[in-house]
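Just below is one structure, and these are the notes that go with it.
The values are calculated or read from the model by the stated rules, or taken from the named source; none is laboratory data. Not measured: the values here are computed from a predicted model. Note: ideal-geometry Cβ built from the backbone for every residue, glycine included; neighbour counts use all protein chains shown. All accessible areas refer to the heavy atoms of the entire protein, side chains included, with ligands and DNA or RNA removed. Shrake-Rupley method; radii C 1.70, N 1.55, O 1.52, S 1.80 Å.
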Amino acid sequence: MNFADLGLSDETLRAVTEAGYTEPTPVQAAAIQPVLMMRDLIAIAQTGTGKTASFVLPMIDILAHGRARARMPRSLILEPTRELAAQVAENFEKYGQYHKLSMALLIGGVNMSDQVAALEKGVDVLIATPGRLMDLFQRGKILLTGCSLLVIDEADRMLDMGFIPDIEEICTKLPASRQTLLFSATMPPPIKKLADKFLNNPKQIEVARTGSTNDSIEQALVETTSRGKRETLRGLLRAEDVKTAIIFANRKTTVRELNQSLQRNGFASGEIHGDMEQSARIKELDRFKAGAINILVASDVAARGLDIKGVSHVFNYDAPWHPDDYVHRIGRTGRAGATGKAFTLITAEDAENIANIEKLTSQKIPRITGAAKAPTEDAAEPTIDAGSVRDAEAGGDERVAKPRRRRGGERAAKPEAAPERAAKPERAAPPPREASETPAPRPVAPQRAPARAPEPVAEPIAADADINWNGPVPAFLSARIPD
Ligand code: AMP
């Protein structure tokens with residue numbers, strides 16, 4: 001199928017061609033026509049599938065006619081994080097370059113008065129995080145009664161971050177006759193309920209099975225110990241042809257300490273985590289995108305949904321506590337047709353987490369042996385050898401990891417290592433994502449970790465916490481208002 005078959009305008013097609021896209025991705029092929037026909041839509045699609053363009057492209061053509069009125073945005077896109085909101089704004093700029101659409105971005109961390117000024121003039125597209133939108137709505141700065149198109153993006157992330165009540169409230173403020181598009185990587189019951197309540201006879205599409213991982217990502221589990229992790233990681237970084245890598249850790253403290261350790265060892269690394277101000281996060285991301293650093297150590301919340309092109313490797317320094325985080329993390333590589341590699345460092349304590357990941361993704365991930373000998377802190381020499389990595393990738397060293405007992409000689413865990421606590425007899429929820437700075441207790445085998453947190457985690461992202469930042473607004477974050 002060609003883009004030209006989808007019913008998009010010539011101007012939009014021109015922008016698509018200039019973006020270098022030759023054919024629509026499956027989600028675009030399935031979604032664009034129904035959206036142009038004003039249908040409601042539920043799309044089960046992960047980031048990396050081209051889902052952003054699947055709603056941005058038809059929206060541009062839908063909004064091409066008509067005029068924005070003061071304080072009454074014509075369409076609203078809800079995003080769970082500032083970074084995702086900024087990326088969607090970039091997409092509108094790219095694909096909407098031959099249209100005269102106005103846009104505003106309502107996100108924490110950006111000067112509120114600029115955002116209010118943009119709204120006052122009237123915008124065709126409002127891209128917002130739920131917290132900041134509710135804030136402005138409650139101050140009477142915004143009216144949603146003229147908003148005839150709503151996009152709820154990354155709905156499962158919204159759920160994880162406790163935004164569903166806000167979204168429900170926002171939905172009630174929009175006209176009932178609106179068009180609603182809902183995108184989610186998974187469809188847990190609260191999202192299904194939300195869709196049943198607020199969508200009208202939606203067209204449903206699914207481009208990737210729930211919890212599935214991308215075939216173009218080579219995956220491996222690397223066995224190591226808590227004390228040997230840094231050295232194992234350095235060994236992998238040296239053995240692999242790492243062009244650009246994102247390294248995920250479960251805690252913000254680990255992100256900071258690991259970045260420092262990598263820098264001490266001569267790697268060009270940076271960090272991004274939820275405690276950083278928006279300006280600092282953007283600066284670090286820009287350094288990564290520009291190639292000033294080629295390794296970004298990240299926490300889940302900060303990196304959620306980031307579309308950074310050409311990431312050759314993802315390393316899970318810590319195995320994620322939540323299996324769906326695994327899918328999201330490794331989805332940072334192997335995007336849009338490129339291939340990528342994803343390595344997950346595992347210790348004996350991770351057996352349960354890995355079992356949950358393998359269950360969710362219906363796959364057995366090859367295991368390879370990393371550094372198990374006692375490391376010298378921040379030593380320069382890796383103990384993993386490139387040969388064993390290659391063998392394992394070729395399927396030569398596949399074996400099932402058995403939970404290993406801590407040996408008497410092994411010292412207590414370093415600060416970033418998961419602390420252990422006696423297991424409770426009942427099931428315990430995995431710790432909230434990025435919720436605490438101090439190491440959080442986590443379930444240990446044989447405790448069963450549920451597939452996902454039973455309740456939405458209320459607070460984890462400081463989504464709108466740093467609203468006092470009044471620094472310069474990067475071009476792609478500022479509202480664009482036509483003369
Ligand atoms: P998304 O899933 O929206 O985050 O998009 C993932 C990546 O795919 C982005 O870098 C897009 O620029 C890219 N992309 C979107 N549509 C296409 C397409 N039709 N062909 C190639 N790349 C695409």
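Just a few scattered comments:
- For L78, net neighbour charge (Lys/Arg +1, Asp/Glu -1) across residues whose Cβ lies under 11 Å away: -2
- The range 3-206: C-alpha gyration tensor shape, a/c 1.5 cut-off, then a/b vs b/c: oblate
- Rounded to the nearest 0.05, the FRET efficiency derived from the C-beta distance between Q260 and E358 at R0 = 25 Å is 0.15.
- Taking 26 Å as the limit for the C-alpha separation, the pairs K203/K359; K51/K100; K51/K289; K121/K173; K197/K252 exceed it in the case of K203/K359; K197/K252.
- Ranked by how many other beta carbons lie within 10 Å on average, peptides 245-255, 95-105, 130-140 from highest: 245-255, 95-105, 130-140
- Inter-label distance, nm, simple model (7 Å from Cα along the C-beta direction), Q33/T339: 3.4 nm
- Here the simple spin-label model places points 7 Å from the Cα toward Cβ, and for K193 and E277 these points are separated by 4.0 nm.
- Sorted on the mean count of surrounding Cβ atoms within 10 Å across their residues, most packed first, peptides 174-183, 13-22 read 174-183, 13-22.
- Electrostatic bookkeeping for E168 treats Lys and Arg as +1 and Asp and Glu as -1; over the other residues with beta carbon under 11 Å from its beta carbon, the sum is +1.
- Charged neighbours of L143, selected by a Cβ distance under 11 Å, balance to +4 (K, R count +1; D, E count -1).
- For the range 1-143, the antiparallel share of DSSP beta bridges with both residues in that region comes to about 10%.
- For the pair L143 and N2, label points projected 7 Å from Cα toward Cβ lie 4.5 nm apart.
- Beta-bridge orientation, the range 63-153: approximately 10 percent antiparallel, per DSSP, counting only bridges with both partners inside.
- Prolate/oblate/rounded call for the range 89-179, Cα gyration tensor, a/c under 1.5 rounded: rounded
- The range 8-61 - percent relative contact order, Cα under 8 Å, separation 6 or more: 47 percent
- Each peptide in 113-122, 317-326, 194-203 receives the mean, over its residues, of other Cβ atoms within 10 Å, and ordering these scores from highest gives 317-326, 113-122, 194-203.
- The range 3-206 - accessible surface per residue (Å², probe 1.4 Å): 36 Å²
- Close amide H partners of E271, meaning residues 5 or more places away or on another chain with modelled amide H under 5 Å apart, are V297.
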